[in-house]
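Notes for the one structure printed next.
The values are calculated or read from the model by the stated rules, or taken from the named source; none is laboratory data. All figures in this text were calculated on a predicted structure; none of them were measured in a lab. No Cβ is skipped: glycine too gets one built from the backbone with ideal geometry, and neighbour counts run over all protein chains shown. Ligands, DNA and RNA are stripped out before the accessible areas are found, and what is left, the full protein with its side chains, is counted by its heavy atoms. Shrake-Rupley method; radii C 1.70, N 1.55, O 1.52, S 1.80 Å.
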Amino acid sequence: MSQKDLVKLTIDKSVKGIRPVRHQKPYYRIALAVTIIAGIVFLYLCGVLTPAIHVEVASVTRTYPSQALALLNASGYVVAQRKASVASKITGRLISLNVEEGSKIKTGEIIARLECEDVLALRNQAVADLSVAHFDLQQAKAEYRDARASFHREVDLLAKGITTRAEYDAATARYQKAKAAVAGAKASVKAKAAALQVAKVSVEYTLIQAPFDAVVLTKNADIGDIVTPIGAAANAKAAVVTIADMDSLQVEADVSESNLEMVKVGQPCEIQLDALPESRFSGVVHMIVPTADRSKASVMVKVRFLESDTRILPEMSAKVAFLSRPLEKEEQNPLTAINPGAIVTHNGKHFVFLIQGNRVVQTSIDLGASIGDMIEVLGGVKQDDKVAVKPVAKLKDGSKIKVVEK
């Protein structure tokens with residue numbers, strides 16, 4: 001390496017180096033840290049960063065005062081006590097059907113008709129035979145009157161010695177024969193009248209009539225079907241329709257043998273139908289069937305409806321509450337009730353924690369009387385509202401929650 005290159009590598013101390021300029025104190029970092037801390041505190045106070053409280057939830061329900069009076073509950077079904085499968089007493093083809101499911105019918109009303117040309121012909125023949133019998137009777141009576149007159153003349157002539165004994169005997173025989181002919185003609189008239197009555201009954205058998213006031217439940221045959229009392233023939237129908245008297249509907253409930261002592265004839269009841277959960281029906285114990293079902297260790301109790309309702313139908317499932325006393329008029333209306341565990345009392349005021357999304361809202365309520373294990377709510381919440389039950393002591397207005405699934 002040459003001298004010239006070494007000189008280039010030599011540091012010239014006469015040239016001053018460039019020193020970095022020191023910045024002033026970093027206040028912006030402090031401000032940023034304060035902002036972050038304030039944001040965290042704000043989010044914590046708002047509950048965003050706080051853990052959700054696991055709570056159990058209950059619904060505000062609609063209840064009835066009768067629940068507090070119920071001594072026993074049982075389930076059963078609505079059954080018509082007057083029910084019939086209406087059929088014909090003769091075999092024939094169905095030519096007319098005047099009802100359908102749901103039709104209301106009166107006693108004696110014609111439900112259906114069977115073909116009846118043959119029985120109508122027999123009836124007409126019976127009418128003609130009866131007319132002939134009446135004519136024969138009139139002829140026999142005329143013969144009887146003539147024979148009687150001849151007989152009385154022969155009696156007078158015989159007494160005077162004018163006629164012979166033979167003529168008298170002939171007149172007597174004729175008279176007795178005419179008398180017997182009249183009796184025979186009268187008997188024939190009665191026989192022909194009875195035959196006509198049979199023919200009329202046969203015609204009536206082709207008319208299927210309602211045995212009592214009822215409603216048609218099912219239609220089992222259609223026009224053109226063969227209807228027979230036995231129903232054993234192929235494609236034959238035994239019953240045309242099934243009917244029920246809706247005024248005879250009762251609930252047949254199974255009561256356990258161990259609880260039977262709590263049930264008495266005439267005891268007031270309240271009936272709830274699964275098909276009509278928002279309605280309650282007043283009833284009374286009509287009968288305790290005097291036999292037990294050994295397979296279920298229960299006894300059937302029949303409960304009669306005090307008022308009819310067109311919505312009540314046979315075979316509906318029902319629940320029966322046997323009450324300790326009849327309900328007062330004001331006790332028949334439903335009330336809004338709440339679980340007592342959801343109520344918090346502070347300074348004489350009552351409130352609940354209403355569930356809204358994933359948070360609770362502290363809501364003031366007005367309470368009424370106790371209804372069994374529930375408490376009546378007069379205001380503040382409504383039916384089907386969700387309220388927190390446990391642990392209400394850890395909650396406050398706006399607390400974040402997570403519902404515990406039961």
| Pairs with Cβ under 8 Å, 6+ apart, first in region 353-373 and on the phi < 0 side of the Ramachandran plot and without any contact (Cβ under 8 Å) to a residue 12 or more places away in the chain, second among the β-branched types (Val, Ile, Thr) and open to solvent by less than 80 Å² (accessible area, probe 1.4 Å) | ALA369/ILE375
| query | If you take the residues of region 60-76 that are surrounded by 15 or more Cβ atoms within 10 Å (Cβ to Cβ) and not aliphatic (A, V, I, L, M), which of them is farthest from ALA214 (Cα to Cα)? | reply | THR61
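State which residue is surrounded by the most Cβ atoms within 10 Å (Cβ to Cβ) when the search covers only region 77-98 and only residues that are part of a loop (DSSP other than H, G, I, E, B) and hydroxyl-bearing (Ser, Thr, Tyr).
SER88
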| said: Which condition from (1) touching a strand residue (DSSP E or B) at 6+ places or on another chain (Cβ under 6 Å); (2) within 20 Å of PRO326 (Cβ to Cβ) is the one that SER282 breaks? | reply: (1)
| Single match in ARG311, ARG304 (criterion: open to solvent by 60 Å² or more (accessible area, probe 1.4 Å), at pLDDT 95 or above and closer than 23 Å to LYS83 by Cα) | ARG304
| query | Taking strands (runs of 3 or more DSSP E) that fall entirely within region 204-293, which contain at least 3 residues that are open to solvent by less than 50 Å² (accessible area, probe 1.4 Å) and touching a residue at least 12 places away in the same chain (Cβ under 8 Å)? | reply | 214-219, 241-244, 249-256, 268-273, 276-293
| request: Filter region 143-188 for residues that are of a type outside the set (D, E, K, R) and open to solvent by 80 Å² or more (accessible area, probe 1.4 Å) and give the result. | output: HIS152, ALA159, ILE162, GLN176
| All positions within region 189-201 that are of a type in the set (A, V, I, L, M) and either open to solvent by 70 Å² or more (accessible area, probe 1.4 Å) or closer than 11 Å to ASP136 by Cα (or both) | VAL189, VAL198
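Condition first: of a type in the set (A, V, I, L, M), within 26 Å of SER85 (Cα to Cα) and either touching an Asp or Glu at 6+ places or on another chain (Cβ under 8 Å) or surrounded by 13 or more Cβ atoms within 10 Å (Cβ to Cβ) (or both). Can you find one or more residues in region 120-132 that meet it?
no
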| task | Please work out if LEU43 is part of a helix (DSSP H, G or I) and either modelled with pLDDT of 90 or more or surrounded by fewer than 18 Cβ atoms within 10 Å (Cβ to Cβ) (or both). | result | yes
